[in-house]
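Just so it is clear, none of the values below were taken in a lab; they were calculated from the coordinates. As the structure is a computational prediction, the values presented were derived from the model and not from experiment. Quick reminder, even Gly has a Cβ in these numbers, built from the backbone with ideal geometry, and neighbours come from all protein chains shown.
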Amino acid sequence: MVPKIMRKTVTLAVILVVVTTVGLFVVRPSLGGDEATKLAGRYGFAAQALNEAPAGARRERAVAPDLHHIRGWISSVGAAVAMADLRGLGRPTDACLVDPRDDSVTLRSVPGSGAPAYPLVQLIPSGLPYDHTMAPMGCVPADLDEDGDVDFVVHYWGRTPILYLNTGGIATPDGAKFRPTELVEPVAVWNTGTLNVGDIDGDGHLDLLVGNYFPDGARVLDPAAAGDGRMRMQDSMALGRNGGVNRILLTKPTGTPDTEPVISDASTALSATASSSWTLATGLQDLTGDGLPEIYQANDFGADQLMVNRSTPGNVRLTEVTGSRGMLTPKSQVLGHDSFKGMGVAFTHQGGNALPTIVVSNITTPFALHESNFAFVPTGNGTDLLDGKLPYEDRSEALGLARAGWCWDVRAGDFDNDGTDEIMQANGFLKGKVDRWPTLQELAMGNDELLRFPAAWPKFEPDDDLSGKEPNRFWAKGSSGKFFDIADAVGTSYPDNTRALAFGDFDGDGKLDALVANQWEDSQTLRNTAPAGPSAVLTLVKPGRAGGQVAAIGAKVELRHPRAPQRTQLYPANGHTGVSAPQTHLALPGGTPAEAVVTWRDGEVLHSATIQVEPGRRTVLLQRDGTAVAR
């Protein structure tokens with residue numbers, strides 16, 4: 001018989017081994033000194049303020065009386081940024097910025113772009129129903145009348161989105177030349193947190209994918225809305241399905257410039273669960289090869305959805321596909337069964353895969369809600385989706401991408417022009433002095449039946465802190481194939497509360513730059529100072545219905561470079577509230593020209609053409625006869 005003291009010693013030893021082993025699994029990967037220095041040496045950024053605090057800047061919103069004790073939580077979103085080329089300079093030297101400190105939506109010349117500055121242009125909904133109970137949440141460039149100049153769709157809490165038609169062409173931006181017009185009539189109370197654009201039904205025209213958050217009709221920002229019965233919080237920490245109704249709005253241009261398109265509501269194509277989720281980000285990407293974008297919907301407080309697109313012009317058909325769970329796979333890391341807080345989504349081709357990896361931001365704060373980001377890596381082919389099978393599994397931990405903080409927008413791009421994407425991730429929630437994580441954890445462990453009632457929530461006020469000092473992340477791939485956060489070393493690590501990121505080469509030097517939209521703080525430009533190699537920046541356009549040339553949103557490019565083959569798709573509005581430039585950025589290591597295959601959809605016809613890609617900026621016209629002309 002083994003003596004009791006020895007049994008206790010063996011038991012303690014086993015426990016120690018198990019704890020140590022588990023601890024090794026949860027330690028964030030780190031680089032050795034030499035490799036860290038070498039990796040960081042490939043990147044660099046110079047930061048500059050994109051805006052400054054407006055007069056009378058505030059740090060909280062006026063909210064409905066029932067929400068007053070959680071006004072810090074309610075006030076945590078609204079910053080947004082988009083890149084655009086309003087002046088026809090061939091590079092995205094203009095920005096549309098939403099600043100929650102005064103609820104302004106402004107067009108401005110990007111500092112550091114080298115383009116002439118001009119007076120700020122405010123997008124104001126003159127003549128339309130608008131008051132203090134409404135606030136902008138995002139600004140999305142989209143040429144919906146297809147006349148060749150950039151219009152903007154602004155979405156709000158408290159009302160339906162507004163289209164600002166650009167009636168001034170590509171001259172210096174002027175507020176009087178952006179005419180506000182309703183997209184949805186009659187005007188209703190929507191609380192839209194994200195909005196994406198792409199040709200969902202395959203008729204050749206852009207459609208709008210609207211992600212709503214708080215329930216329709218809930219007057220979240222109305223201090224006079226005491227006892228509003230429609231005002232509800234999430235009905236579950238893991239299966240929240242009582243949010244605002246998500247929408248799919250199909251557009252058809254009239255053919256007349258500066259005229260709003262005909263709008264058709266195709267929202268019934270969404271399932272009941274997809275329609276009522278608390279959506280914070282969406283992603284469009286053709287995964288099956290038919291030119292129609294599948295939809296990834298990242299939801300707060302509940303499972304995300306991947307919808308396979310089987311639409312025909314005017315008829316949207318979507319089928320949800322979910323993953324299967326193995327013996328060692330946690331349920332929360334299976335797409336369609338996950339229970340985290342999805343707040344951003346990006347697509348990146350890694351390792352030559354035909355299918356992209358899908359990166360999703362969640363909450364990953366140590367000693368708090370330590371969930372996990374997702375990196376859904378392809379395990380099969382796109383045709384599997386048509387058979388109802390999901391060819392993806394989460395490998396975020398193996399790739400080093402699992403943990404980052406309270407994450408929002410996430411975006412992938414090649415910042416050193418080597419043919420491999422880096423990943424930038426927005427971070428931070430509520431900056432203050434009093435740590436409120438203990439009370440949030442109590443809420444998370446409470447009864448779901450109480451969660452929907454604002455009165456059951458603990459206080460989250462403006463001086464409270466929830467992951468308020470977590471820096472943004474810059475993930476670069478090391479020699480092992482894992483990603484490492486080197487933000488501190490390359491100049492992107494700031495303790496701001498960031499909501500949105502936008503990528504594009506705004507200074508025209510062939511390297512990707514970034515814009516950063518911060519909540520309650522100045523936003524920033526990040527100009528790329530890396531010693532990067534040659535690249536090609538392609539502006540893909542196609543004929544518009546009103547005579548102009550419009551961005552070929554949804555076009556795919558496969559670069560057949562002998563050293564650095566690459567794939568990408570043009571969906572600049574993927575994510576939370578950041579919109580990148582509508583351009584394709586390709587690395588050309590060694591400056592060697594290479595062939596690229598461009599695939600695009602023109603109505604029901606799927607075209608494909610081969611072009612020669614050389615270093616520098618070029619415009620490629622994708623013509624209706626299926627040819628592509630580079631100039």
24 Å tail of the calculated P(r), segment 493-631, as % of Cα pairs:
37
Starting from the Cα of ASP488, step 7 Å along the direction of its Cβ; do the same at ASP290; then give the gap between the two resulting points in nm.
4.9
Here the membrane-span-like helices of the chain, with no claim about any membrane, defined by DSSP H, Cα axial extent at least 27 Å and mean Kyte-Doolittle at least 1.6, are 4-26
At 0.36 nm per residue, and after removing the present C-alpha to C-alpha distance, how many nm does the segment from SER236 to THR312 gain when stretched out fully?
23.8 nm
Report the one residue of SER361, VAL410, TRP457 whose Cα lies farthest in the direction of the positive end of the charge dipole of segment 360-466 (charges on C-beta: Lys and Arg +1, Asp and Glu -1; origin at the Cα centre).
TRP457
Between LYS389 and ALA55, the FRET efficiency computed from the C-beta separation at R0 = 45 Å comes out, to the nearest 0.05, as 0.20
Give the separation of the Cα centroids, segment 187-245 to segment 118-182, in Å.
20
Considering all projection directions equally, how large on average is the shadow of the alpha-carbon convex hull of the chain, in square nanometres?
29.7
Translational diffusion coefficient of segment 39-169 at 10 °C, 1.306 mPa s, Stokes-Einstein with Kirkwood Rh over Cα pairs, in µm²/s as a whole number.
96
Once you list every other residue whose beta carbon is under 12 Å from the beta carbon of ARG436, what net charge do they have if Lys and Arg are +1 and Asp and Glu are -1?
-3
Report the antiparallel proportion of the DSSP beta bridges in the chain as a percent, rounded to a multiple of 5.
95
Positive minus negative residues near ALA266 (Lys, Arg vs Asp, Glu; Cβ under 14 Å):
-1
THR319 to VAL597: extension gain in nm, 0.36 nm per residue of separation minus the Cα-Cα distance?
97.2 nm
If I model a spin label at GLN122 and VAL262 as a point 7 Å from the Cα along the Cα→Cβ vector, what separation in nanometres do I get?
3.7
With r defined as the distance between the Cβ atoms of ARG631 and ALA354 and R0 fixed at 22 Å, what FRET efficiency is calculated, to the nearest 0.05?
0.15
Counting only Cβ distances under 4.7 Å between cysteines, those in the chain with no partner are CYS407
Along each principal axis of its Cα atoms, how long is segment 322-392 end to end? Whole angstroms, biggest number first, please.
40, 26, 19
Please compute one quarter of the surface area of the Cα convex hull for segment 297-456 and express it in square nanometres.
13.1
Cα-centred dipole magnitude for the chain, charges only on beta-carbon of K, R (+1) and D, E (-1), debye, nearest 20
1500
Hey, could you grab the Kirkwood Rh for segment 197-252? Inverse mean 1/r over distinct alpha carbon pairs, Å, one decimal.
13.4
Segment 240-380: proportion of alpha-carbon pairs further apart than 20 angstrom, %
52
